[in-house]
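One structure is given here, and the rest of the page talks about it.
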Amino acid sequence: MKNLSLRKTDPPPAGKGKAAQRSIFQKLAAVPHAFWTVLFIAAPMLFVLYFAFTDTEGNFSFSNITDLGQYTNVFILSIAFALIATAVCLIIGYPLAYFMSRQSPKAQKILMVLIMLPMWCNLLIRTYALMALLDNGGLLNSLLGKLGLEPLPIVGSYFGVILGMVYDFLPYMVLPIFTAMTKLDYRYIEASHDLGCNAFQTMTKVVMPLTLSGVVSGVTMVFVPSISTFYISQKLGAGKIDLVGDTIERLFQNVSTYNVGAAMSLVMMILILISLTIMNKFSDEEGGMVP
């Protein structure tokens, strides 16, 4: 009986008390994040969902979804532009990331700063800089005029919009691939050479499969902003090219088409969620997402 009474009055282990305090602190620390998520992510998405399935009088309706059929060309053009820009970024970014990963740590830091340097400026400033360089009266065409050559109509063309996407989003492709390549064990490459693989076989059968998670991450990070961009197409397209982002902005500016804009935004969110699902699937198979 004495032993039982002593057990009842024994204080709890110190470790359990500290663990409970940490648990309470972690929950309290998560409150601002949860509040931010609900207020600025969940609530706007619910508003978009509500307006997408109601008319201007607030009645439930599918007419906004059916009205999107007239914007089929806009969706096709936006997806095509995003795919082309993503492919170009991958073609440029993958060799660049591989080259960076093979350099010394000091050279890697310098190259990383050069890649990140344009991102220190706002997207608006970078787009205006491209306009100053590529416009009809810009630096490039002024130089061509002095050389007696015809100016290049880049601003206001499909090429100009895709060029702007590649310029603005290329770092998002390079960085995750570079991160995946720095984690690559170089002994695999040495083993492939020892087994008789040439440089091309080593790249396609060893390096690419082992860095696939970085490629998937980079593709998603470029494709998602490319398909939803509107400022690049407005400025470098000179108002002649309408993408999904431009159409959504115009629809939201008019009260009578507000609900159609919400329906188009809902479609864009679904496309983005599909992209993220594919990214997560590949990342899980490859053993986790690269940062």
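One decimal place: the segment PHE99-VAL255 gains 51.0 nm when fully extended, by the rule 0.36 nm per residue minus the C-alpha distance. Subtracting the Cα-Cα distance of ALA80 and ILE270 from their residue separation scaled by 0.36 nm leaves 66.7 nm. Hydrophobic long helices, here whole DSSP H runs in the chain with Kyte-Doolittle means of at least 0.0 and Cα atoms spread over 20 Å or more along the helix axis, are found at 72-101, 158-182, 212-228, 258-285.
Given +1 at the Cβ of Lys and Arg, -1 at the Cβ of Asp and Glu and no other charges, the dipole of the chain around its Cα centre is 1560 debye to the nearest 20. With springs only between Cα atoms under 10 Å, which of LYS109, LYS146, LYS183 fluctuates most in a Gaussian network model of the chain? The residue that fluctuates most here is LYS146. A helix-only calculation puts the chain at -22500 deg cm²/dmol for mean residue ellipticity at 222 nm, using -39500 (n - 2.57) for each DSSP H run of at least four residues, averaged over all residues. Taking 7 Å steps out from each Cα toward its Cβ at ALA87 and LEU28 produces label points 5.5 nm apart. In this structure the amide hydrogen of ALA238, modeled in the peptide plane, comes within under 5 Å of the amide hydrogens of GLY156, none closer than 5 places in sequence on its chain. Projecting label points 7 angstrom from Cα along Cα→Cβ for LYS146 and PHE159 puts them 2.2 nm apart. Taking packing as the residue-averaged number of other Cβ atoms within 10 angstrom, the listed peptides 242-255, 39-52, 225-238, 88-101 run from highest to lowest as 225-238, 88-101, 242-255, 39-52.
When the Cα positions of ILE110, ILE227, THR204 are compared along the charge dipole of the chain, ILE110 comes out farthest toward the positive end, with charges on each C-beta of Lys, Arg, Asp and Glu. With 22 Å as the limit, the listed pairs LYS106/LYS183; LYS146/LYS240; LYS109/LYS205 have LYS146/LYS240; LYS109/LYS205 beyond it between alpha carbons. Annotation: amide H-H contacts under 5 Å for THR54 (H modelled 1.01 Å from N, sequence separation of 5 or more, or interchain): SER61.
Compared with the direct C-alpha span, the chain from THR204 to ASN136 gains 20.3 nm at full extension, assuming 0.36 nm per residue. Which one of SER192, GLY156, THR277 has its Cα pushed farthest toward the positive end of the charge dipole of the chain, where Lys and Arg give +1 and Asp and Glu give -1 at the Cβ? In the chain, that residue is SER192.
SER63 sits among other residues whose Cβ lies under 13 Å from its own Cβ, and their net charge, with Lys and Arg +1 and Asp and Glu -1, is -3.
Read-outs throughout are calculated quantities, based only on the coordinates presented, and are distinct from any laboratory measurement. Quantities reported herein were computed from a predicted structural model and do not represent experimental measurements. Because the Cβ atoms are built from the backbone with ideal geometry, glycine has one as well, and the counts that use them run over all protein chains shown.
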